[in-house]
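The next block holds one structure in the form of structure tokens; read it before the comments.
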Amino acid sequence: MTRVLRIGQALAVPLALLGLWELAAQAGWVNPVFVPAPSRIAEAGYDMLQDGGLLEATGETTVRALLGLLLAIVVAVPVGMLIGASRIADEVTRPSLEFFRAMPTVTVIPALMILVGIGHTLALVAIMFAAVWPILLGAVHGVRGIERTLVDVARVHRLGPVAATLKVRLPAALPGIVTGVRISLAIALVVALVAEMMTGNGGLGSLVIEARSRYRSADVFGIVVVMGVVGLLLNSGMVWLEKRAGLARIG
Amino acid sequence: MRSRVRAVVLGLGGVAVLVLGWALAAASGSVAGVPAPADVATALGGELTSDRLWSATAHTLLITLVATAIAAVLGVVIGAVVGMSPTMGRLLGSSINSLRFIPPVALIPVVLLVMGFGAGSEVTVAVFAAVWPVLLNVAAASESLRTRYDDLTRIARLSPLARLTKIFVPGAIPATVVGLRVGAALALILVIAVEMLAVPAGLGHEVRFAGDALQLPSMYAYIVWIGLLGVVVNTLINLAQRALPQRGALPAASR
């Protein structure tokens with residue numbers, strides 16, 4: 001019974017809001033040309049799923065965001081660990097890194113449009129550029145925060161530099177890296193969408209801009225819902241990975 | 001003290017190496033479309049004495065500030081309600097957890113459709129981005145305050161008002177500031193994104209405009225300026241955070 005009550009409580013507010021929205025659109029309290037009823041949005045979403053364009057665009061955006069993030073991780077983790085291993089390297093790079101991390105990275109998209117053109121690489125390069133800094137700084141902090149005793153343990157066990165890095169430094173720096181990746185994941189999706197909206201080169205970003213310019217309001221709202229679902233799924237995947245990594249560390 | 005001087009000198013050296021690398025890359029002509037740092041500096045100098053840069057900066061910062069303030073009020077109120085009352089938490093939790101994963105940029109087309117190409121659209125999108133870190137932090141802090149001081153409030157027979165002013169408000173301030181720090185940075189990003197995509201005003205528009213006109217030194221000057229602005233905003237919030245008392249409940253996960 002309590003379970004039913006809980007589910008009821010969780011559904012009550014969203015259902016009430018959707019009902020009110022439907023009513024407002026049907027009764028004409030809001031202009032249904034700009035704010036279509038939820039039933040119209042669901043219908044439009046179903047149609048877009050049927051003709052396959054929406055699924056394709058969803059896949060394109062998701063793959064871009066994840067691939068850009070992966071590239072950022074591949075670059076940022078080794079470089080960040082190298083920087084973190086030396087105090088001088090840390091001090092030399094700190095202000096530059098802080099500059100890039102604090103900079104709203106979407107601003108580089110117009111520059112990248114000129115540098116690499118508006119093809120498929122643009123979104124990837126833009127995502128990578130935006131996603132690399134939090135991971136890089138996370139890796140630097142992670143390595144800098146390693147306790148001396150751990151380094152001594154590695155020395156006592158006569159681990160070579162490669163083994164010491166893989167067996168001691170990387171696991172110890174992992175929490176910092178994971179924090180950076182979590183921040184970068186959200187950034188990656190945002191930058192992917194902005195790049196797509198600006199260039200019109202595939203993905204959900206282009207799809208939504210096209211729908212908006214034709215005043216297909218129900219399509220616009222439907223695509224936004226799909227973007228929310230993609231955000232939710234990516235975040236859940238990250239939480240799942242973090243849990244697995246946590247278990248792996250304990251075991 | 002000596003180590004701080006050392007850090008500053010080394011850090012500036014790092015920046016110098018970076019600019020030198022940029023100058024060499026531009027001079028070699030191997031990367032097309034990158035202006036020399038000297039040209040960018042000249043363009044930035046020119047823009048700094050013009051009205052355009054300052055009015056664009058004022059516009060972008062004002063919108064960011066307004067959006068952050070609205071997000072702070074909304075985030076604190078809703079976060080406190082959700083954290084302090086388990087019933088409200090169950091009622092609103094599902095809505096919060098489905099809305100907060102919508103990437104804020106996704107809202108841009110919808111907001112443009114409903115509100116048009118004005119400052120109102122910029123504020124709305126930025127509020128939607130900035131509200132979540134505040135809301136989630138305040139909710140987590142209020143919840144831990146409620147469970148932690150439950151016995152105390154009963155023993156001391158605190159009135160609901162005293163409970164609010166003596167426990168929740170002082171306890172939730174650090175969480176609010178941490179949330180605002182993330183939120184303000186997000187608001188700035190979103191304001192610039194909306195300006196680049198749609199609303200013809202502010203720094204985002206200037207970057208896009210200079211890029212479309214192929215005025216490369218000017219475009220890079222604006223990018224550098226926006227980067228510096230990001231650093232200034234970040235530093236100011238850091239200082240504010242340090243000035244506040246560090247007691248209270250800080251949730252472990254401060255996303």
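The values are calculated or read from the model by the stated rules, or taken from the named source; none is laboratory data. Note that the coordinates shown come from a computational prediction; the quantities given were computed from them, not determined experimentally. Note: ideal-geometry Cβ built from the backbone for every residue, glycine included; neighbour counts use all protein chains shown. For accessibility, only protein heavy atoms count, side chains too; no ligands or nucleic acids. Shrake-Rupley method; radii C 1.70, N 1.55, O 1.52, S 1.80 Å.
How would B:Phe209, A:Phe34 rank on accessible area, largest to smallest, probe 1.4 Å?
I get B:Phe209, A:Phe34, largest accessible area first.
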| request: Provide a whole-number value for the mean count of partner chain Cβ atoms within 10 Å of the Cβ atoms in peptide B:12-20. | output: 4
| message | Give me a comma-separated list of calculated 3J(HN,Hα) values for segment A:51-66, in order, Karplus coefficients 6.51, -1.76, 1.60 applied at θ = phi - 60°, integers in Hz, x for any Gly or Pro. | response | 7, x, x, 5, 5, 4, 5, 4, x, 4, 4, 4, 4, 4, 4, 5
| query | If you count, for every residue in A:185-196, the Cβ atoms of partner chains within 10 Å of its Cβ, what is the mean? | reply | 4
| field | Packing-based ranking, highest mean first, of B:12-20, A:74-82 given that Cβ atoms within 10 Å are counted | value | A:74-82, B:12-20
| field | Partner chain coverage, peptide A:107-118 - average Cβ within 10 angstrom | value | 6
| remark: Kirkwood calc, the protein assembly as shown, C-alpha pairs only, radius in angstrom 24.7
| task | Would you mind getting the accessible area per residue of segment B:1-66, heavy atoms of the protein chains only, 1.4 Å probe, in Å²? | result | 63
| message | For B:Trp225, what accessible surface area do you get with a 1.4 Å probe? Give it in Å², rounded to 10. | response | 40
| Any idea of B:Phe101's accessible area? Nearest 10 Å², probe 1.4 Å. | 30
| note | Taking only protein heavy atoms and a 1.4 Å probe, the highest-to-lowest accessible-area order of A:Ser206, A:Ser236 is A:Ser236, A:Ser206
| Can you give me the Cα centroid spacing of segment A:86-116 and segment A:210-243 in angstrom? | 28
| Where in chain B are the DSSP H helices whose alpha-carbon span along the long axis reaches 27 Å or more and whose Kyte-Doolittle mean is at least 1.0? | B:2-28, B:51-84, B:169-197, B:216-243
| Relative contact order [Cα under 8 Å, 6+ residues apart], segment A:43-250, whole percent | 30
| query | Given the protein chains as shown and a 1.4 Å probe, how many square angstrom of B:Asp212 are accessible, to the nearest 10? | reply | 110
| Solvent-accessible surface ranking, highest first, for A:Tyr46, B:Tyr220, B:Tyr149 at 1.4 angstrom | A:Tyr46, B:Tyr149, B:Tyr220
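Tell me, what is a quarter of the convex hull surface for the C-alpha atoms of segment B:67-194, in nm² with one decimal?
Values: hull surface 31.9 nm².
Projected area, direction-averaged: 8.0 nm².
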| field | Range of Cα positions in segment A:134-183 per principal axis (Å), largest first | value | 36, 18, 12
| Quick one: Cα centre-to-centre distance for segment B:101-150 and segment A:154-168, in angstrom? | 46
